[in-house]
Amino acid sequence: MSPIIIIILVALAVVFLLLMILFIQRQRDSLFMAQHRHMVSGTVVDVKIVRTGNNVSDRVQFSYTVDGKEYTHVCYCRPDKYHRDQTVQIIYHPNKPKLASPEGLFRVMPKSDVRLMAFFLVLMYVFAVCLALSNVYDSWGRAFDRFEFPMILLFNWFSYWTEYRIVRKGKSSTGTIVYSERDHKTVRVIAEFDVNGVTYDTRMMNMPAKRCKREYNQGGQIGVLYREQNPVESVIEDDTLKERALRIFAIISSIVLPIVWIVLLFID
């Protein structure tokens, strides 16, 4: 293996390690902020609507002062949650005042997210190593060509599992519709609900208008589903199209990919 490839792999390992350290530190910081809850009043200085595909969100800029120094914080949230010149309570880290969040959006990063990130980074690095070796050794190249199919299949089922644990295994509750928008193509709905005294927003539901017979009126009650371990992962009870689509895709790929894999093995 050439020295250049070795240097690249070592540099990549260092980058992934630093990313993991930063992720762990952010989780610790959020836990510290939740335990000590240093608060200060802040002001909404700017609100801009951001549309990406079918999704709509607000880009909100807050201004707050800690120890006589003014700071700004930018976050994205559901539309109409905050308004310009509104006063909000800001949670901040006393040793890192730039690390802050509006009280209504502050969440402690779950340890499961840290473990998931660690798994993802390790998987990405293994993939990078295999790719590098496949370009150097022919035997590794042939093995890597066959290895990509189970990797794709694993990714498809993992994508379905993340949705399955909300829609199929999630707890049910009743929420209030806080955002509703309908055009000729799409119906967009967000609801908020309470778990143990904390208010959460569901994911924005994007449903084709022609398939949506129900009316979603702001302020109305509606069922929601959420992960008990992390209520941030939540959906409106009607938001099940993604789960069904991912399930069908995972099943089809479980049939097609092994067949293609076997055919390529015989061709080789």
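The values are calculated or read from the model by the stated rules, or taken from the named source; none is laboratory data. Computed from a prediction, not measured in an experiment: that's the story for all the values here. Cβ placement follows ideal geometry from the backbone for every residue including glycine, while neighbour counts extend to all protein chains displayed. Heads up: the accessible areas ignore ligands, DNA and RNA and are worked out on the full protein's heavy atoms, side chains in. Shrake-Rupley method; radii C 1.70, N 1.55, O 1.52, S 1.80 Å.
Listing for the model above:
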quantity: From the options D29, D80, residue that is assigned to a helix (DSSP H, G or I), among the charged types (D, E, K, R) and in contact with a strand residue (DSSP E or B) (Cβ under 8 Å, 6 or more places away or on another chain); calculated: D29
quantity: Residue that is farthest from E181 (Cα to Cα) [pool: residues in segment 45-74 that are in a strand (DSSP E or B) and acidic (D, E)]; calculated: E70
quantity: Scope segment 202-226; condition at negative phi, open to solvent by 40 Å² or more (accessible area, probe 1.4 Å) and of a type outside the set (S, T, N, Q); matching residues; calculated: R203, P208, K210, R211, K213, R214, E215
quantity: Single condition F23 does not satisfy, out of (1) surrounded by 14 or more Cβ atoms within 10 Å (Cβ to Cβ); (2) assigned to a strand (DSSP E or B); calculated: (2)
quantity: Residue pairs meeting the criteria (Cβ under 8 Å; at least 6 apart or on separate chains; first farther than 16 Å from D239 by Cα, in segment 153-167; second among the aromatic types (F, W, Y) and modelled with pLDDT of 90 or more); calculated: N156/F249
quantity: Count of segment 67-90 residues which are aliphatic (A, V, I, L, M) and under 22 Å from the mean Cα position of the chain (by Cα); calculated: 1
quantity: Residue in segment 112-126 that is surrounded by 15 or more Cβ atoms within 10 Å (Cβ to Cβ) and outside any helix (DSSP H, G or I) present; calculated: no
quantity: Candidate set from segment 76-104 (those that are without any contact (Cβ under 8 Å) to a residue 40 or more places away in the chain and surrounded by fewer than 17 Cβ atoms within 10 Å (Cβ to Cβ)); member that is farthest from R37 (Cα to Cα); calculated: H83
quantity: Selection from segment 36-66 of residues that are over 22 Å from V108 (Cβ atoms), among the β-branched types (V, I, T) and surrounded by 13 or more Cβ atoms within 10 Å (Cβ to Cβ); calculated: T43, V44, V45, V47, V56, T65
quantity: Test for T202: is it hydroxyl-bearing (S, T, Y), modelled with pLDDT of 95 or more and within 11 Å of V235 (Cβ to Cβ); calculated: yes
quantity: In segment 1-20, residue farthest from M109 (Cα to Cα) [restricted to those that are touching a residue at least 12 places away in the same chain (Cβ under 8 Å) and assigned to a helix (DSSP H, G or I)]; calculated: I5
quantity: Strands (runs of 3 or more DSSP E) contained entirely in segment 173-268, each with at least 3 residues that are touching a Ser or Thr at 6+ places or on another chain (Cβ under 8 Å); calculated: 186-195, 205-208, 221-226, 234-236
